[in-house]
1. Considering only protein heavy atoms, what per residue accessible area in square angstrom results for the chain with a 1.4 angstrom probe?
2. Cα to Cα, under 14 Å, and not fewer than 8 places away if on the same chain: which aspartates and glutamates meet these conditions relative to LYS280?
3. Using helices alone, what [θ] at 222 nm do you get for the chain, with -39,500 (n - 2.57) per DSSP H run of 4 or more residues, divided over all residues and rounded to the nearest 500?
4. Report the rotationally averaged projected area of the range 299-415 based on its alpha-carbon convex hull, in square nanometres.
5. Counting DSSP beta bridges in the chain, what percent are antiparallel, to the nearest 5?
6. Would you mind telling me which residue in GLY150, GLY42, GLY92 has the biggest mean-square fluctuation in a Gaussian network model of the chain, where springs connect alpha carbons within a distance under 10 angstrom?
7. Please build a GNM for the chain, connecting alpha carbons under 10 Å apart, and tell me which residue among ASP136, ASP335, ASP186 fluctuates the most.
8. For the chain, set up a Gaussian network in which alpha carbons nearer than 10 Å are linked by springs, and say which option among THR205, THR21, THR246 fluctuates the most.
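The values are calculated or read from the model by the stated rules, or taken from the named source; none is laboratory data. For clarity, every value in this text was computed on a predicted model and none was experimentally measured. Note that we place each Cβ from the backbone using ideal geometry, even for glycine, and neighbour counts take in every protein chain shown. Ligands, DNA and RNA are stripped out before the accessible areas are found, and what is left, the full protein with its side chains, is counted by its heavy atoms. Shrake-Rupley method; radii C 1.70, N 1.55, O 1.52, S 1.80 Å.
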Amino acid sequence: MTTPLPSPGCRHFPACGGCQTLDRAYPAQLAAKEAELRRLFGGAGDGGLGGGWPDLRIDPILPSPRVEGYRHKVQLPFGLGRRGGNLDVTVGCFAAGSHQVVDQDECLVQDTGLSAVAWTVRDWAKANSIPVYREDSGAGWLRHLLLRKGAGTGQILLGLVTNGPGAGPQALLPDLLHRCRQALADVPGGGELVGVVQSLNAARTNVVLGGEERLWWGSPRLEERLGPFRFPVGVSTFFQVNPFQTPRLYDLAVAGIPAGAAVLDLYSGIGSIALWASRKAGSVLGIEENPASVRAAVQAAADNGVANARFLAADVAAALAKPEGYLAAAGLPTDAVSGAQAVIVDPPRKGLEPAVRDALAGLGAARIVYVSCFPPTLARDARAWAGSFRLSSLSPVDMFPHTRHVECVAVFDAI
């Protein structure tokens, strides 16, 4: 029996693991995400699992302004597939529940310029017989393709994750640049390639990016413009993939902090939320483990003329445990953590570490605004704070149409 194509149709659905709900109308997708949140957080009267937040306000989910072409970060594995009896280079998402690459020739959610570059890189790899990495043997060279585009600038950064340094790009780079420029010229609003970066990853691991990056050509970063701010974004930089919805997410987060407050921004990345909050807060201190991201945040603050946002390169749990030493070493006021009146946290999918939860419970801040990309870990952390904070409101934001994922902004008030 043939599975009927959704509308709008994609020939790779449902085999491709990139989209899970493409066969549902968009309003039905939003309703399903809201229902799942109420299952996790609703009181007993809502049929929810929470039960501990009887006065919790759950807002209607905020739809994405775009449901097609919204992804401005594309991360795709290379693979090998049979065509005419021969092994051929493939690139695309993994099939659901597997590591078999679904070879892409269309995608409804990726930016069209990035899709054109992705397929062009695949053709370049085929034409030049570049060996593709094989997980079973550890042999081969090309592992992943990573593409980013600045929605506000049209700048595109191309990242190649390779199994070690290889022979270098000297002979193959001109052909790659020519092909990419030609492909972008054929796509309306396709964008401009500004840099090619190699990420070296020779480890036998599922982790995509390596620890060392080498610039092949152009710039190691693109410029993104979001609202009134400009940000430098590299291939390994964390930045929201849906730039059309990101300002609305940040507005919700900043709405939760009191005007003029001393704000702590944890897991601050390149400072995008910190700068967004700087217009309302009295001061902002961002803490981020990745030194390169902190350098980018400091540069972004300087480039945007933001004087009340500062940044500390440190592990969040360690910095909260002994803040004075870290702050003094960085030349920052030693009471910048203990004097925080409000905290914004935007942790990875795994949520907050127990040490971070405990430190925040004892910090004395009146409010925590929690930006979550995975509601189950948000619910876990909310339960752990039951004796210290009251979960007051939950605002879901659809950052990823046609998937089951949903972002949330949760506001916690001290008890």
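1. 42
2. Qualifying aspartates and glutamates at Cα under 14 Å: ASP251, ASP265.
3. Taking each H run of at least 4 residues, the total per residue is -7500 deg cm²/dmol.
4. 8.4
5. Working: 45 of 76 bridges.
For the chain, the DSSP antiparallel bridge percentage is about 60.
6. Of GLY150, GLY42, GLY92, the most mobile in the Gaussian network model is GLY42.
7. ASP136
8. THR205
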